[in-house]
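Every number here is computed from the coordinates shown, using simple stated rules; none is lab data. This is a predicted model, so every value here is computed, not measured. Note that each Cβ is placed from the backbone with ideal geometry, even for glycine, and that neighbours are counted across all protein chains shown.
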Amino acid sequence: MNIEPECISCIFNQALRVTKTLGLNAQESKEILDNCAKMLPSFSLSKTPPQNAKPMYEMMAKILKTDDIYAKEKKEAIIQAKKLIPFAKKLIKNSKDPFKTATKIAIAGNVIDLASEFMYDLEEEINKVLDSKLAIDDINRLYKDIQGSKTIVYLADNAGENIFDTLYIETIKSLFEDIKIYYFVRAKPIINDICFDDLKDDDIKKYATLINSGVNTPGIVFDALNSESKKLFSEADCIISKGMGNYECLSDCKEFSIYYLLKVKCHVVAKDLSLDPGDLVCKYSQK
C-alpha cells in the first residue's frame, strides 16, 4: 500500500516521538524536527510508508551519531517480553488448540511498536488475546497450509515481538518437526525492528534458520531482498508476515500468497483492511 497524506504527519510525529523517547534537549529536538520537515516534500505517493520513512530515520541516526537509535529501548523490550515467556508457554501447553493459541500470542506480541500512533500494554494484550475474536481469522487455513508445507518463510517485525515469534515457531516445529523455517530479519537497525545483529546468540536458532534479508527499510520490500532471501522467499511453500510495516510493503505484491499476522495500529492500515484500530488479524492474501 502506498503512502497517504495522513501517513506524512504520522511519520513526522514519529520523529517527535524519537526526541521524547531519547530525552533530547530543546536544541537537539529542533535540529531533528527541522531536518525532518525539510524531507517531507520529497515523500513519494508512489512509495510505501516504510520506504518514505527510511531516509528520515537514517538522517536522525546520523545527527545523533549512532547506528541504532533505539538500541536501549530494543533491549528493554526484549527483557520485558522474556518475563512473559513462562506465562505464554503455560497458555500454549494447557490449550486444547496449541497452534491457534500460539498464533494469537504471536499476533498479540505485535503491540510492541515504537513507531505506532497507539500504545498498548503487552501483558494485558496476552491476558485477553485468547478470549478475543480476530477481526480476520484465517488461522485454520494457515494450519492446513503449514501441514502441507516443507518450507516456511517467516518475516520478523519488532524487537521484543521476536520472543513470541520464537514461541510460535517452536510450537510449529513441535507439530511439524520436519518443516524448515527461515526467519527473515532486517539487515541493519531501523526504528525498533529486530535486525540480524540483535539475534546472533538468540534461541530462535534452535528452531529456525536466521536470515539477513538485506532489507533496511522498516518493512520487507521484495525487490530490496538480497539474492539468497529472494530465492528462499520465492520458493517457500508458506509465507508468514508479521506486523504493519511488512503488510504496508507487501500488500500490493500479488506474486505471492502471504499470511499477514498483525494488530491494526493506525487508521490508514485500518482503512485498507476495512477494520478498526486495535483489531487482531490473521489474513490470507492469495496471489
Checklist entry - Just going by the charge dipole of the range 71-285, with Lys and Arg at +1 and Asp and Glu at -1 on Cβ, which of 210, 176, 154 is farthest out on the positive end? => result 176
Next on the checklist: Please compute the contact order of the range 166-260 in relative form: average sequence separation of alpha-carbon pairs under 8 Å and at least six residues apart, divided by the residue count, as a percent.
Outcome noted: 23
Checklist entry - Under a straight-distance cross-link criterion of Cα-Cα below 16 Å, which aspartates and glutamates are reachable from residue 100, leaving out those fewer than 8 residues away in the same chain? => result 125, 131, 137, 138, 145, 165, 170
Next on the checklist: Taking amide H atoms as placed 1.01 Å from N in the peptide plane, list the residues 5 or more away in sequence, or in a different chain, whose amide H sits under 5 Å from that of residue 2.
Outcome noted: none
Item to check | Size of electric dipole in the range 1-58: Cβ of Lys, Arg +1 and of Asp, Glu -1, about Cα centre, debye, nearest 20 | outcome: 60
Next on the checklist: Checking the a/c ratio against 1.5 first, then a/b against b/c, what shape does the Cα gyration tensor give for the range 5-63?
Outcome noted: prolate
Checklist entry - So for the pair residue 20, residue 255, with labels modelled 7 Å out along Cα→Cβ, what separation do we get in nm? => result 4.0
Next on the checklist: Under the 0.36 nm per residue contour assumption, what length would be gained going from the current alpha-carbon distance of residue 47 and residue 28 to full extension?
Outcome noted: 3.9 nm
Checklist entry - So if R0 is 22 Å, what FRET efficiency would residue 234 and residue 286 give, r being the distance between their Cβ atoms, rounded to the nearest 0.05? => result 0.85
Checklist outcome for this item: With the 8 Å Cα cutoff and a minimum separation of six or more residues, the chain has a relative contact order in percent of 21
Checklist outcome for this item: Residues whose modelled amide H sits under 5 Å from the amide H of residue 216, counting only those 5 or more places away in sequence or on another chain, are 187
Item to check | Table column - 3J(HN,Hα) (Hz), the range 205-211, Karplus curve with 6.51, -1.76, 1.60, x for Gly and Pro | outcome: 5, 6, 10, 8, 8, 6, 10
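Taking a ≥ b ≥ c as the square roots of the Cα gyration tensor eigenvalues, with a/c under 1.5 meaning rounded and otherwise prolate when a/b beats b/c, else oblate, which class fits the range 205-268?
Working: a/c = 1.57, a/b = 1.43, b/c = 1.10.
Taking the square roots of the gyration eigenvalues as a ≥ b ≥ c, the range 205-268 is prolate.
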Checklist entry - Using a Gaussian network model of the chain with C-alpha springs under 10 Å, which one of 239, 79, 105 is most mobile by mean-square fluctuation? => result 79
Checklist outcome for this item: residue 222 and residue 206 label points (each 7 Å along its Cα→Cβ direction) are spaced in nm at 3.5
Next on the checklist: Among the listed pairs 133/205; 83/287; 20/263; 47/230; 74/104; 90/254, which have their C-alpha atoms separated by more than 27 angstrom in this model?
Outcome noted: 133/205; 83/287; 90/254
Checklist outcome for this item: Rounded to the nearest Å, the spacing of the alpha-carbon centers of the range 189-216 and the range 237-287 is 21
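Go through 150/173; 38/188; 72/242; 82/150 and tell me which ones have a Cα-Cα distance over 19 Å in this structure.
38/188; 72/242; 82/150, as the Cα separations exceed 19 Å there.
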Next on the checklist: Can you tell me the length gained on complete extension of the stretch residue 76 to residue 35, counting 0.36 nm per residue apart and subtracting the Cα distance?
Outcome noted: 11.9 nm
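Could you give the length gained by full extension between residue 275 and residue 123, i.e. 0.36 nm per residue of separation minus their alpha carbon distance, to one decimal place? Before the final figure, lay out the partial values.
Details: separation 152, 0.36 × 152 = 54.72 nm, distance 2.34 nm.
Roughly 52.4 nm would be gained on extension.
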Item to check | Whole-Hz ³J(HN,Hα) from phi, Karplus 6.51 cos²θ - 1.76 cosθ + 1.60, for the range 132-138, glycine and proline x | outcome: 9, 8, 6, 5, 10, 10, 10
Next on the checklist: Please list, in order along the range 187-204, the HN-Hα scalar couplings obtained from phi with the Karplus expression 6.51 cos²θ - 1.76 cosθ + 1.60 (θ = phi - 60°), rounded to whole Hz, x for Gly and Pro.
Outcome noted: 6, 8, x, 8, 6, 10, 5, 6, 10, 4, 5, 5, 10, 4, 10, 8, 5, 3
Checklist entry - Put +1 on the Cβ of every Lys and Arg and -1 on every Asp and Glu Cβ in the chain; which of 194, 91, 61 then has its Cα farthest towards the positive end of the dipole? => result 91
